[in-house]
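The values are calculated or read from the model by the stated rules, or taken from the named source; none is laboratory data. In this text the structure is predicted, and so the values were computed from the model without any measurement. FYI the Cβ positions are ideal-geometry reconstructions off the backbone, even for glycines, and counts take in every protein chain you see.
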Amino acid sequence: MLIIKCPWCGDREQIEFSAGGEAHIARPEDPAALSDEEWGAYIYVRKNPKGVHFERWVHSHGCGKWFNAVRHTVTDVFWDSYKMGEAPPTPPADWDGATTRAQYEAKTGQPGGEQA
Amino acid sequence: MIRGDGGPQGPRDAPFNAGPGAPAGRPGSDNRRMGDARVMTKYSIFSLVRNALSYHQNWQRAWRSPDPKPDYDVVIVGGGGHGLATAYYLAKECGITNVAVIEKGWLGGGNTGRNTTIVRSNYLWDESAALYDHAVRLWETMSRDLNYNVMFSQRGLLHLAHNVHDMQEIGRRGHAIKLNGIDSEFISPAQVKEMVPFINLECRYPVMGALLQRRGGTARHDAVAWGYARACDQMGVDIIQNCAVTGFKVEGGVVKGVETSRGFIGAKKVGVVAAGHSSVLAEMAGFRMPLESFPLQAFVSEPLKPVIDVVVMSNAIHAYISQSDKGELVIGGSGDPYISYSQRGSFDQIEHVAGPVVELYPIFSRVRMMRQWGGITDVTVDRSPILTKTPVENLFFNCGWGTGGFKATPGSGHVFAHSIAKGEMHPIAAPFSMDRFFTGALIDEAAAAAVAH
């Protein structure tokens with residue numbers, strides 16, 4: 001079972017959460033100006049990366065708040081979670097998905113990644 | 001079947017030609033073969049007896065392991081059931097034998113070896129009925145066609161309804177299936193009890209009725225990959241395992257070949273059949289697919305004596321069960337809700353599946369689970385597959401089978417092979433083009449695809 005950090009409640013088990021899919025998808029400002037391809041891509045096409053994924057979760061059986069998180073889709077290890085509206089924390093390029101941000105920082109003694 | 005190329009026979013072939021296994025009466029020219037494909041011993045009761053006499057020490061390998069050639073007419077990326085079936089029909093029906101199947105791991109080691117082996121065609125829409133029933137009809141003759149026992153068993157498939165909504169859903173879908181000329185019967189809870197005597201009809205979600213497809217059933221998943229591989233190899237297709245595709249060579253919008261961990265392999269056409277990794281390959285080729293990859297897990301129990309002789313699936317409580325010929329209960333449920341390439345499922349799903357199974361079949365409550373595993377399913381929003389041309393010319397994708405690709409293996413390969421050979425999508429495959437996500441002509445099979453993968 002995944003341990004997920006809710007930015008408000010701290011580490012909790014995955015069964016308290018519901019997954020909300022890819023994060024940071026902005027609704028187009030003027031949908032009428034879009035071609036069918038652009039609109040279809042907005043609705044249906046996802047990055048689906050093998051590696052670093054920025055995604056939404058909701059603490060549905062907890063505080064009920066939505067938040068964003070960064071997870072490695074091969075290891076399922078979360079780099080970090082962050083509140084809605086905050087800038088996403090970008091993991092360092094050499095992150096292999098084996099450690100969380102806290103573990104990475106403890107190991108390397110350096111702040112892990114930049115606030116984009 | 002095997003066309004002579006007039007070339008000399010390689011030394012590799014020699015032991016296989018003269019032996020007693022070579023079919024008698026084969027014209028001499030047939031013993032010369034494309035590349036170094038070889039004549040296979042036909043599997044039969046006679047070959048079994050002959051090999052028994054030598055303690056089964058002399059069975060020949062089922063397929064070669066050739067080095068990649070610099071160029072092929074068609075390269076298929078992905079050595080699972082669908083990819084191998086595509087190569088098989090390219091060679092058998094389209095006259096294209098200069099084909100390579102490139103597999104990152106081992107044959108059938110992805111979703112082909114990880115599914116719960118269920119075959120059925122009880123889908124709602126006309127487009128799906130055409131595609132999935134095309135596959136079931138090919139399943140019915142596959143063992144004979146391949147000279148390989150894929151253990152296809154049309155033992156019948158029950159789809160249980162547990163509430164009013166379920167009854168309405170199977171009502172609508174059952175009639176749609178019948179209108180498409182596919183067998184489908186509504187049966188009562190009493191009839192379900194007759195077929196599965198130990199089922200607990202009065203469980204938390206009581207069984208109110210069921211939809212039965214008698215032509216549905218199961219097949220031996222590994223045998224499908226092995227049977228196709230053997231038949232492909234016999235026709236001259238090169239099967240190259242442990243060879244990962246790392247990129248595509250595209251010139252002027254036309255694909256020229258694939259970069260692999262074993263070097264560049266040129267190709268006039270490329271078909272990608274990579275299931276959960278389709279998005280990764282699409283990105284290498286410079287476009288994106290309307291897909292997300294989710295883990296889906298399954299379980300088998302310790303082997304039991306024969307206890308359940310149909311496949312039973314249920315949307316509402318989301319569990320499905322059948323018994324393999326080895327006696328194991330094969331059990332599956334829903335996928336994980338987050339995208340992942342981990343090939344593992346989450347632990348809470350095990351409970352979600354085991355709970356309903358025990359509720360429906362109390363006699364299984366003390367059965368021990370033997371193995372659990374996960375596969376990565378490439379899921380589209382309408383739960384229908386994508387068989388399509390792509391923005392890159394001569395590059396074709398066959399993906400999006402999500403949680404239910406195994407049942408379609410021969411049909412998918414058949415229509416995809418014809419699409420690649422002709423350069424235009426086969427009429428059965430055409431509605432499944434990726435354009436449908438832009439035109440809005442989706443084929444929504446959420447109800448039919450939700451269980452029994």
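Could you tell me which of the residues B:115, B:98 is farther than 21 Å from residue B:222 by Cβ and touching a Phe, Trp or Tyr at 6+ places or on another chain (Cβ under 7 Å)?
Numbers: B:115 fails: farther than 21 Å from residue B:222 by Cβ.
Only one candidate qualifies: B:98.
With the structure loaded, tell me whether residue B:383 is outside any loop (DSSP other than H, G, I, E, B), surrounded by fewer than 24 Cβ atoms within 10 Å (Cβ to Cβ) and either modelled with pLDDT under 95 or within 14 Å of chain A (Cβ to nearest Cβ) (or both) or whether it fails that test. First the steps, then the outcome.
Numbers: outside any loop (DSSP other than H, G, I, E, B): no; surrounded by fewer than 24 Cβ atoms within 10 Å (Cβ to Cβ): yes; either modelled with pLDDT under 95 or within 14 Å of chain A (Cβ to nearest Cβ) (or both): yes.
The answer is no for residue B:383.
Which residue is surrounded by the fewest Cβ atoms within 10 Å (Cβ to Cβ), if the candidates are limited to the range A:54-86 and must be touching a residue at least 60 places away in the same chain (Cβ under 8 Å) and more than 13 Å from chain B (Cβ to nearest Cβ)? If we take residues in the range A:54-86 being touching a residue at least 60 places away in the same chain (Cβ under 8 Å) and more than 13 Å from chain B (Cβ to nearest Cβ), then A:83 is surrounded by the fewest Cβ atoms within 10 Å (Cβ to Cβ). For the structure I just gave you, tell me whether residue B:397 is within 14 Å of chain A (Cβ to nearest Cβ) and in a helix (DSSP H, G or I). Against the criterion (within 14 Å of chain A (Cβ to nearest Cβ) and in a helix (DSSP H, G or I)), residue B:397 does not qualify. Within the range B:319-338, the set of residues being touching a Gly at 6+ places or on another chain (Cβ under 7 Å) and within 14 Å of another protein chain (Cβ to nearest Cβ) comprises B:336 only.
Going through the range B:347-370 one residue at a time, which ones are outside any loop (DSSP other than H, G, I, E, B) and within 15 Å of residue B:302 (Cα to Cα)? So that I can check it myself, show each step before the final result.
Of the residues in the range B:347-370, the ones outside any loop (DSSP other than H, G, I, E, B) are B:347-360, B:362-364, B:369-370.
Residues satisfying the conditions are B:354, B:363, B:364, B:369, B:370.
Out of B:301, B:293, one residue alone is surrounded by fewer than 23 Cβ atoms within 10 Å (Cβ to Cβ) and either touching a Leu at 6+ places or on another chain (Cβ under 9 Å) or of a type in the set (S, T, N, Q) (or both). It is B:301. Could you list, in sequence order, the residues of the range A:9-26 that are in a loop (DSSP other than H, G, I, E, B), more than 21 Å from residue B:382 (Cα to Cα) and without any contact (Cβ under 8 Å) to a residue 40 or more places away in the chain? The answer is A:26, and nothing else. Please determine whether any residue of the range B:50-71 is touching a residue at least 24 places away in the same chain (Cβ under 8 Å), part of a strand (DSSP E or B) and closer than 27 Å to residue B:245 by Cα. Within the range B:50-71 (the criterion being touching a residue at least 24 places away in the same chain (Cβ under 8 Å), part of a strand (DSSP E or B) and closer than 27 Å to residue B:245 by Cα), the answer is yes, since at least one residue qualifies. Within the range A:39-53, residues that are within 7 Å of chain B (Cβ to nearest Cβ) and under 13 Å from residue B:289 (Cβ atoms) have Cβ atoms under 7 Å from residues that are of a type outside the set (Asp, Glu) and assigned to a strand (DSSP E or B) in these pairs: A:48/B:293, counting only partners at least 6 apart in sequence or on another chain. Taking (1) in contact with a Cys (Cβ under 9 Å, 6 or more places away or on another chain); (2) under 24 Å from residue B:293 (Cβ atoms); (3) away from chain B (no Cβ under 14 Å) in turn, residue A:17 satisfies each apart from (3). Does residue A:6 satisfy the criteria of being in contact (Cβ under 8 Å) with a residue 60 or more places away in the chain, touching a Cys at 6+ places or on another chain (Cβ under 7 Å), surrounded by 14 or more Cβ atoms within 10 Å (Cβ to Cβ) and more than 14 Å from chain B (Cβ to nearest Cβ)? Spelling it out, residue A:6 is indeed in contact (Cβ under 8 Å) with a residue 60 or more places away in the chain, touching a Cys at 6+ places or on another chain (Cβ under 7 Å), surrounded by 14 or more Cβ atoms within 10 Å (Cβ to Cβ) and more than 14 Å from chain B (Cβ to nearest Cβ). From the set of residues in the range A:78-97 that are out of contact with any helix residue (DSSP H, G or I) (no Cβ under 9 Å at 6 or more places or on another chain) and hydrophobic (A, V, I, L, M, F, W, C), which is modelled with the lowest pLDDT? Only one residue fits best here, namely A:93.
Tell me yes or no: at least one residue of the range B:292-305 is among the hydroxyl-bearing types (Ser, Thr, Tyr) and within 22 Å of the chain's Cα centre (by Cα). Yes: one or more hits. Would you confirm whether any residue within the range A:68-91 is aliphatic (A, V, I, L, M), touching a strand residue (DSSP E or B) at 6+ places or on another chain (Cβ under 9 Å) and not in a loop (DSSP other than H, G, I, E, B)? So far as the range A:68-91 goes, yes, one or more of its residues are aliphatic (A, V, I, L, M), touching a strand residue (DSSP E or B) at 6+ places or on another chain (Cβ under 9 Å) and not in a loop (DSSP other than H, G, I, E, B). Starting from residues that are touching a helix residue (DSSP H, G or I) at 6+ places or on another chain (Cβ under 6 Å) and in a loop (DSSP other than H, G, I, E, B), keep the ones in the range B:304-335 and report whichever is surrounded by the most Cβ atoms within 10 Å (Cβ to Cβ). In this case the residue turns out to be B:333. Screening residue B:341 on (1) within 13 Å of chain A (Cβ to nearest Cβ); (2) surrounded by fewer than 20 Cβ atoms within 10 Å (Cβ to Cβ) shows it passes everything except condition (2).
What about residue B:79, is it buried (at least 17 other Cβ atoms within 10 Å of the Cβ) and assigned to a loop (DSSP other than H, G, I, E, B)? Please lay out each step first, then the result.
Numbers: buried (at least 17 other Cβ atoms within 10 Å of the Cβ): yes; assigned to a loop (DSSP other than H, G, I, E, B): yes.
It is true that residue B:79 is buried (at least 17 other Cβ atoms within 10 Å of the Cβ) and assigned to a loop (DSSP other than H, G, I, E, B).
If you go through the range B:349-365 one residue at a time, do you hit one that is more than 14 Å from chain A (Cβ to nearest Cβ), touching a helix residue (DSSP H, G or I) at 6+ places or on another chain (Cβ under 8 Å) and closer than 27 Å to residue B:223 by Cβ? Step through it out loud before you land on a result.
Applying the first criterion (more than 14 Å from chain A (Cβ to nearest Cβ)) to the range B:349-365 yields B:353-354, B:356-365.
Then drop every residue that is not touching a helix residue (DSSP H, G or I) at 6+ places or on another chain (Cβ under 8 Å), which leaves B:357-358, B:364-365.
Now drop any that are not closer than 27 Å to residue B:223 by Cβ, which leaves B:357, B:364.
Yes; the residues of the range B:349-365 include at least one that is more than 14 Å from chain A (Cβ to nearest Cβ), touching a helix residue (DSSP H, G or I) at 6+ places or on another chain (Cβ under 8 Å) and closer than 27 Å to residue B:223 by Cβ.
Answer with yes or no whether residue A:97 is in a strand (DSSP E or B), in contact with a strand residue (DSSP E or B) (Cβ under 9 Å, 6 or more places away or on another chain) and within 11 Å of another protein chain (Cβ to nearest Cβ). So residue A:97 does not fit the description; no.
Tell me yes or no: at least one residue of the range A:36-59 is over 23 Å from residue B:380 (Cβ atoms), in a loop (DSSP other than H, G, I, E, B), of a type outside the set (Asp, Glu) and modelled with pLDDT of 95 or more. Yes: the range A:36-59 contains one or more residues that are over 23 Å from residue B:380 (Cβ atoms), in a loop (DSSP other than H, G, I, E, B), of a type outside the set (Asp, Glu) and modelled with pLDDT of 95 or more. Identify all residues within the range B:260-294 that are touching a helix residue (DSSP H, G or I) at 6+ places or on another chain (Cβ under 8 Å) and more than 10 Å from every other protein chain (Cβ to nearest Cβ); write none if there are none. Result: B:269, B:271, B:272, B:273, B:274, B:275.
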